[in-house]
Every structure is written in structure tokens, then in C-alpha cells.
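Visitor: There's a structure below that I have some questions on.
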Amino acid sequence: MLNTMYYDSPIGRLLLAEKEGALAGVWIEGQKYFLGSFNEDMKEKEDSKMLNETKKWLDRYFRGEMPQIDELSLAPSGNEFRKEVWKILCEIPYGEVTTYGEISRKIAKNRGIDKMSAQAIGGAVGHNPISIIIPCHRVVGADGSLTGYAGGIQKKIKLLKLEGADMEKFYVPKKGRRFRNI
């Protein structure tokens, strides 16, 4: 059973989900992979301690404060590879970015292998069930392209701007060419 609550944010309505006292999901309404692989019964629970803590965390985040990820008990559902990627996402500092390639090199080093596919990393990042809090929006292409955000590129841009990221070095690709609309 997933306990749920809605949160109206500056980037759209979010569905928050808690399972067994830990945060299991934060999805932007309409995002790709909405609810991920969950196919459990859901029940709105306005008095959930975890979901109310998450709302307070998000309130602070959207006010431009820098709440820490470890303030919340997180329990994202996924295989070991995805969890390894999501753990690295949690290490990306507020207002900074990393690339899919940088994450792939970290995973390869951790596993003692020569290389890891950046595309595999992209798949794991895209399936992050706890958007915003596990900051998948802080991952960009090696060339500065803003791609791969399940919630939509414009929402990724809003989150990076909120965090004070230097947007001059990023672009939104459009049919094989650079297109700036940031």
C-alpha cells in the first residue's frame, strides 16, 4: 500500500508517495514513467508524517533554501544498478551539475571495470522515482545539452535556475543543432 498526497509546486502538481514510513516517490504530474513500476493500491493520507515532512522539505526547496537530502528517509524502488546511480545523484551539490559520462566513469571505477555506458546511466536517471529530492535534474549532456528529464526540459531549466546554476553554458538541442531558449 502506498500512502499518497498531492503537492502544488511552482513546476506543477506533484504526487508524493510513502511506503512503510519512507518516501518512495515524488512524481511530476504527466511526467514520463509516472508512478514507475508501482502497481500497488494507493490511499491518500493527509496525516502521513513522512509526506508532511516531504511537503515542508519541498516548501523550503522552492523558497530557494538548500534542504539536505538526508533530512528525509528515502526508499526508492529499483534494481541495484539504478540505486547505485541514484546514490551518486544524491552527491551532486545544490546548484551544480554533472554529466551522464561522469556518472558512468564513477560507476565503472566503483565496479572495477574499464567503462560503463552513459546511455545505461541515462536510463537509470530517467527512472528516478523521487524527482527533485534525488536531483536527476542536475545531470546534463557532456556538451552542455539539457536532455533527458522525465518531467520535461522546461521544468529541468526552472529547477536549475531556482538553484542558481550558471545557465549560460547549457542549451536545449533541437533537431541536431543548438537551440537556446533558456
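Visitor: In the chain, what % of DSSP beta bridges are antiparallel (nearest 5)? Numbers along the way, then the final one.
Guide: On the way: 16 of 24 bridges.
Counting DSSP beta bridges with both partners in the chain, the antiparallel share is about 65 percent.
Visitor: With every protein chain present, what is the per residue accessible area of the stretch 40-182 (1.4 Å probe, Å²)? Spell out each step's value before the answer.
Guide: Values: 7740 Å² over 143 residues.
Averaged over the residues of the stretch 40-182, the accessible area is 54 Å².
Visitor: Taking the alpha-carbon centroid of each part, what is the distance from the stretch 137-162 to the stretch 38-86 in angstrom?
Guide: Here the answer is 20 Å between Cα centres.
Visitor: Between Met167 and Glu71, what is 0.36 nm times their sequence separation minus the Cα-Cα distance? Round to one decimal in nm. Before the final figure, lay out each step's value.
Guide: Details: separation 96, 0.36 × 96 = 34.56 nm, distance 2.78 nm.
Between Met167 and Glu71, full extension yields 31.8 nm more.
Visitor: Give, in nm to one decimal, the length gained when the segment between Met42 and Lys83 is fully stretched (0.36 nm per residue of separation minus the Cα-Cα distance). Present the calculation step by step, with values, prior to reporting the outcome.
Guide: Numbers: separation 41, 0.36 × 41 = 14.76 nm, distance 2.32 nm.
Length gained between Met42 and Lys83: 12.4 nm.
Visitor: So, R0 is 30 Å and r is the distance between the beta-carbons of Glu53 and Gln154; what FRET efficiency does that work out to, to 0.05?
Guide: Details: r = 28 Å, r/R0 = 0.94.
After rounding, the FRET efficiency stands at 0.60.
Visitor: Using a ≥ b ≥ c from the Cα gyration tensor of the stretch 75-182 (square roots of the eigenvalues), is it rounded, prolate or oblate, where a/c under 1.5 gives rounded and otherwise the larger of a/b and b/c decides, a/b for prolate? Mind showing how you got there, number by number?
Guide: Numbers: a/c = 1.86, a/b = 1.44, b/c = 1.29.
Note, shape of the stretch 75-182 comes out prolate.
Visitor: Over 25 Å between Cα atoms: which of Lys43/Lys155; Lys19/Lys83; Lys56/Lys106; Lys87/Lys156 fall into that group?
Guide: Where the Cα-Cα span goes over 25 Å, the pairs concerned are Lys43/Lys155; Lys56/Lys106.
Visitor: What's the carbon and sulfur percent of the stretch 24-182's accessible surface, probe 1.4 angstrom, rounded to a whole number? Can you show the working numbers first?
Guide: Numbers: 4060 of 8580 Å².
With neighbouring chains kept in place, the figure for the stretch 24-182 is 47 percent.
Visitor: Identify which of Pro129, Pro76, Pro93 has the largest mean-square fluctuation in a Gaussian network model of the chain, with springs joining Cα atoms closer than 10 Å.
Guide: Most flexible of the set in this elastic network: Pro93.
The values are calculated or read from the model by the stated rules, or taken from the named source; none is laboratory data. These figures come from a predicted structure and were not determined experimentally. We place every Cβ from the backbone using ideal geometry, glycine too, and count neighbours over all the protein chains shown. In case anyone asks, the SASA skips ligands and DNA or RNA and just uses the protein heavy atoms, side chains included. Shrake-Rupley method; radii C 1.70, N 1.55, O 1.52, S 1.80 Å.
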